[in-house]
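> Input: one structure, supplied below.
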Amino acid sequence: MREPRGHYDMFGGFLLDPTEGGDAAALFMNPSGYTDQCGHGMIAIVTLLIQLGKLPQERYRLKPDLMQVRLETTVGILETEACWNGEKVEFVKFKNTPVWILYKDLTIKSSFGQITGDIVFNGAFNFFAEFDSGQLQVKPENSARIMELGGEIKQTIQSMGLEISNKDFPQITGLHGVDFINLRKKDASDDSKPNQKSVLVFGCKQIDRSPCGSGTAGRVGSLFLKGKISSEHYFVNESIIGSKFKARIVNTTVKANRDSKPACIVEIQGQAHLLGRTEWWLDPDDVIGYNGFIIHR
Ligand SMILES: O=C(O)[C@H]1NCC[C@@H]1O
């Protein structure tokens, strides 16, 4: 996702042929390299596959307007359901890979002061921390501060020598991102308003524009595992630019990390829109554009 074709915060995915019985396969990437789970990318890819007619009509399996699509990812085959009205995909739901907590209530020192949060597995390892919106509000105007602090927190955690790995997916190690959360006051049974506004700083200090599908699963799953929310209601997470994902706990009896950790499965619902199609060319004489570049922040 490098310049000149992409930009610093751009997120992408390769659509690949399935090899393990799924309907399609996806490999996600950001400017710092490949990444393991991407919820907003899955919602986008399923929308694209259906709206461009890449999946046969006989896959209308559940109800006339609900299609089941199985996506192969680096964290296994993930089940999705898409609501297709014959013209557009109205929403996509997917069941995230099991969420579990690696480190609970970890306190670290930072230029912001002491910050306490959890390191959670949601397809990658992320550090989730709540911030008082009076002190640090999740909004585009604060993105430079959030980005810097996210990079600092990630570096601090990485230098602590903590074991950050998953026995179910040995290829996934280390911290992927830092999730900044502002809680919203609302009645838990109100399923329409956001429960929180959040932003994930991931990779080499990229700012997520989406509410982060896998991160929303990580946050909701860890709140459930800590006994802070029930599985009865939807949980709505709002991104830094105001887009929203809805989440709900759909399985509370799973175990993860080779059966050593209590885990849960969270279903995420969101919407994507197709923007266009681009054709890129590679000119071997173009010493800059051939490999692309990023200007680190
Ligand atoms: O939606 C998500 O899950 C992704 N967003 C950026 C980083 C995460 O992988």
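No lab work stands behind these numbers, since they all come straight from the coordinates. Keep in mind it's a predicted model, so treat the numbers as computed, not measured. For neighbour counting, all protein chains shown are included, and Cβ atoms are generated from backbone atoms with ideal geometry for every residue, glycine included.
> Would you mind getting the Kirkwood hydrodynamic radius of the stretch 102-270 from its Cα pairs, rounded to one decimal in Å?
About 16.1 Å, per the Kirkwood formula over Cα pairs.
> So, one more: What is the mean projected area of the alpha carbon convex hull for the stretch 12-95, to one decimal in square nanometres?
Taking the Cα atoms of the stretch 12-95, their convex hull projects to 5.3 nm² on average.
> Can you give the calculated 222 nm mean residue ellipticity of the chain, where each DSSP H run of n ≥ 4 adds -39,500 (n - 2.57) and the sum is split over every residue, rounded to the nearest 500 deg cm²/dmol?
Helix contribution divided over all residues of the chain: -4500 deg cm²/dmol.
> Would you mind counting up the charge near LYS197? Only other residues with Cβ under 10 Å from its Cβ, with Lys and Arg at +1 and Asp and Glu at -1.
The answer is +2.
> Let me ask something else about it. Using alpha carbons only, how many angstrom separate the centre of the stretch 223-266 from the centre of the stretch 13-45?
Taking the Cα centre of the stretch 13-45 as reference, the centre of the stretch 223-266 is 22 Å away.
> Assuming R0 = 22 Å, what is the FRET efficiency of GLN135 and THR107, from their Cβ-Cβ distance, to the nearest 0.05?
The formula returns an efficiency of 0.85 here.
> Go through the stretch 131-199 and name the trypsin sites (Lys or Arg not before Pro) that are in a DSSP coil and have 14 or fewer other Cβ atoms within 10 Å of their Cβ.
LYS167, ARG184, LYS185, LYS186
> Set the Förster distance to 25 Å, then compute FRET efficiency between SER260 and LEU162 from the Cβ-Cβ distance, nearest 0.05.
According to the calculation, E is roughly 0.90.
> How large is ³J(HN,Hα) for each residue in the stretch 149-165, as worked out from phi by the Karplus curve 6.51 cos²θ - 1.76 cosθ + 1.60 (θ = phi - 60°), to whole Hz, x for Gly and Pro?
5, x, x, 5, 5, 4, 5, 4, 5, 5, 7, 7, x, 6, 7, 10, 7
> Something else: Among the GluC sites (Glu not before Pro) within the stretch 37-102, which fall in a DSSP loop and have no more than 12 other Cβ atoms within 10 Å of their own Cβ?
GLU87
> How large is Rg over Rh for the chain, taking Rg from the Cα atoms and Rh as the Kirkwood inverse mean of 1/r across Cα pairs?
My calculation puts Rg/Rh at 0.96.
> In what sequence, highest mean first, do 208-216, 244-252 appear when ranked by Cβ atoms within 10 angstrom?
Listed from highest to lowest mean packing, they are 208-216, 244-252.
> Now a separate question. How big is the dipole moment of the stretch 102-270 about its Cα centre under a simple scheme where the beta carbon of each Lys and Arg is +1, that of each Asp and Glu is -1, and everything else is neutral? Debye, nearest 20, please.
60
> Based on the Kirkwood radius over alpha-carbon pairs, what value in µm²/s does the Stokes-Einstein equation return for the translational diffusion coefficient of the stretch 11-50 at 37 °C and 0.692 mPa s?
For the chosen part, D equals 312 µm²/s.
> Net charge within 10 Å of LEU225 by Cβ-Cβ distance, Lys/Arg positive one each and Asp/Glu negative one each, not counting LEU225 itself?
Once all neighbours under 10 Å are counted, the net charge is +3.
> Right, something else. Answer with one residue from ALA82, THR116, ILE153: the one whose Cα lies farthest towards the positive end of the charge dipole of the stretch 76-178, charges on Cβ with Lys, Arg +1 and Asp, Glu -1.
ILE153
> A further question on this structure: Using a 7 Å offset from the Cα along the Cα-to-Cβ direction at both ARG145 and ARG2, what is the distance between the two label points in nm, to one decimal?
The answer from the label model is 3.4 nm.
> Among SER239, ILE101, ALA25, whose Cα sits farthest toward the positive end of the charge dipole of the chain (+1 at Cβ of Lys/Arg, -1 at Cβ of Asp/Glu, about the Cα centre)?
The residue sitting most towards the positive pole is ILE101.
> Find which of SER260, MET1, TRP281 sits farthest along the positive direction of the dipole of the chain, computed with +1 on the beta-carbon of Lys and Arg, -1 on that of Asp and Glu, about the Cα centre.
Sorting the options by dipole projection puts first SER260.
> Once both labels are modelled 7 Å past Cα along the beta-carbon direction, what's the ARG297-TYR234 spacing in nm?
Rounded to a tenth, the inter-label distance reads 3.1 nm.
> Let me spell out the model: positive unit charges on the Cβ of Lys and Arg, negative unit charges on the Cβ of Asp and Glu, origin at the Cα centre of the chain. What dipole size does that give, in debye rounded to 20?
Roughly 780 debye for the chain.
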